[in-house]
Structures are given as C-alpha cells and as structure tokens.
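In what follows, a single structure is set out as structure tokens and then discussed.
The values are calculated or read from the model by the stated rules, or taken from the named source; none is laboratory data. As the structure is a prediction and not an experimental result, all values here were calculated from the model. Note: ideal-geometry Cβ built from the backbone for every residue, glycine included; neighbour counts use all protein chains shown. Accessible surface areas use protein heavy atoms only, side chains included; no ligands, DNA or RNA. Shrake-Rupley method; radii C 1.70, N 1.55, O 1.52, S 1.80 Å.
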Amino acid sequence: MLTAKIGAVLSRPLDVLVRALARVSPDVLTITGLALNGVACAFFALAGGPGFVSPTTLRVGGLVALGAAIFDMLDGRVARLRGRGTKFGAYLDSTMDRYSDMLLYLGLMILYARLGHTHLMVLVWVAAFGSFMTSYARARAESLIPRCPVGLLERPERVVLLIVGAVFNRMVAVLWIIAVLANVTAIQRVVYTYVELKRGWSNVFTPPGGRKDDA
C-alpha cells in the first residue's frame, strides 16, 4: 500500500519526533492535529474567488494538512511510548479524525462556492459523504463481527490524496478518485459484513481499544 511505503520512509524521522515529544500528552497532539486541519481549511477556502484560483494558497493549505497528518501519526506512537494508551484516547483520536476530514472538505466546499462552481461543490459533498460512510460502515460492522478489514480507500490514502491534490493543484481529479473509491469501499464493507453475518456471527462483538482506526 502507498501509505505503508510512506510510513516506512518516515519511520526514522517520526521516531525522532516521538522521543522529542515524549512528555507531551497524546491528546494534546490529537487536538493540535485538528487545529492544523482548521488552518488548512482556511487556506483552502481562501485559495480562490470569482474568476481566479491561487495555486500557491492551495499548496500552503496542502502543506499545513501534511503537518496535521504528521501530528495524527505521532499521537498513537507517543501514547505507546509512554504506556498511556487509553480507551478515551482512542475514542478522542477517532472522533477528531472525523472532524479533521470534514474541515478539509469544508474548505474545498467554500472554495468552489466562491468560484461559483456548483458542480464541484456537489463533487466535494459526494467525496465527503463517501469518506464518512467508509468510517461508519467499519465502526458499525465491528460492533457485529470481530473485524472488517476490507477497503480500497481508507483514511490514510484519502488524506494523502487530498494533500497531493492541493500541493500539485490537481484537486478536482483527486476528488473524483475519492468520490468513487470511498463509496465503493463503503459498499465493500456492507457486502463483507453481510457475508460474515451469514457465516454465523450472531453475538455483538466489541473490539479492544486502540489508538487508531484508520477508517
């Protein structure tokens, strides 16, 4: 997977950052990531107006979103290093991830509204809807079956795509990819859950707490 390769490349620098931030609460890192995504949202929203688009402003938004993604990777690592992983930390992390995703889509929605491109606003909405449903489909499935590991496009891939789209000014193409593959992923998970339940999973299963769900 692309994100696995990126993670391998960044593993050593991330380990250095984890040691440097070892005294910081993982929850503070989670909230910092959310705040940075709010800043990225503002840059996306201000990257255009009637008749113009500023690739530079869009690119800055993408770089800020990259910084937010780094904090998103750090919180779990710091929690494990400190032995401070908690169920609430995992819950907070997953919840803030959803807010972070929606902030990025909100910024793009405002951008295309300012440009007067209604069809692109609809595209953003479909991509955002698919992103939400992939997460919901997994969370709901894993209350019924032990695991729901299937999915073409999970959260790390979606975030990487949005960053790439912003940095290289190819956001429309990226949104099309997310809009299609995120919704396909949600459908995959519905089908997988149906098949698994038919195999005899009948008891409610609550998975053990973890820091990340990467849905």
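Quick notes
- In order along segment 106-113, the Karplus-derived 3J(HN,Hα) couplings, from 6.51 cos²θ - 1.76 cosθ + 1.60 at θ = phi - 60°, round to 4, x, 5, 4, 5, 4, 6, 5 Hz, and Gly and Pro are given as x.
- Nonlocal amide H pairs with GLY48, under 5 Å, H built at 1.01 Å: SER54
- Ignoring the sites themselves, the chain has its longest run without chymotrypsin sites (Phe, Trp or Tyr not before Pro) in a DSSP loop having at most 16 other Cβ atoms within 10 Å at 1-167.
- Options (1) 45; (2) 32; (3) 28 - which one matches percent of Cα pairs over 28 Å apart as calculated here: (2)
- Phi to ³J(HN,Hα) by Karplus 6.51 cos²θ - 1.76 cosθ + 1.60 over segment 67-73, Hz, x for Gly, Pro: x, 5, 5, 5, 4, 5, 7
- Amide H contacts of ILE145 (H built 1.01 Å from N, under 5 Å, at least 5 apart or other chain): PHE205
- Sum of side-chain charges, TYR192 neighbourhood, beta-carbon under 15 Å (Lys, Arg +1; Asp, Glu -1): +3
- Distance between segment 129-152 and segment 173-203 - C-alpha centres, whole angstrom: 7 Å
- The order of ASP97, ASP15, ASP72 by accessible area, most exposed first and with a 1.4 Å probe, is ASP15, ASP72, ASP97.
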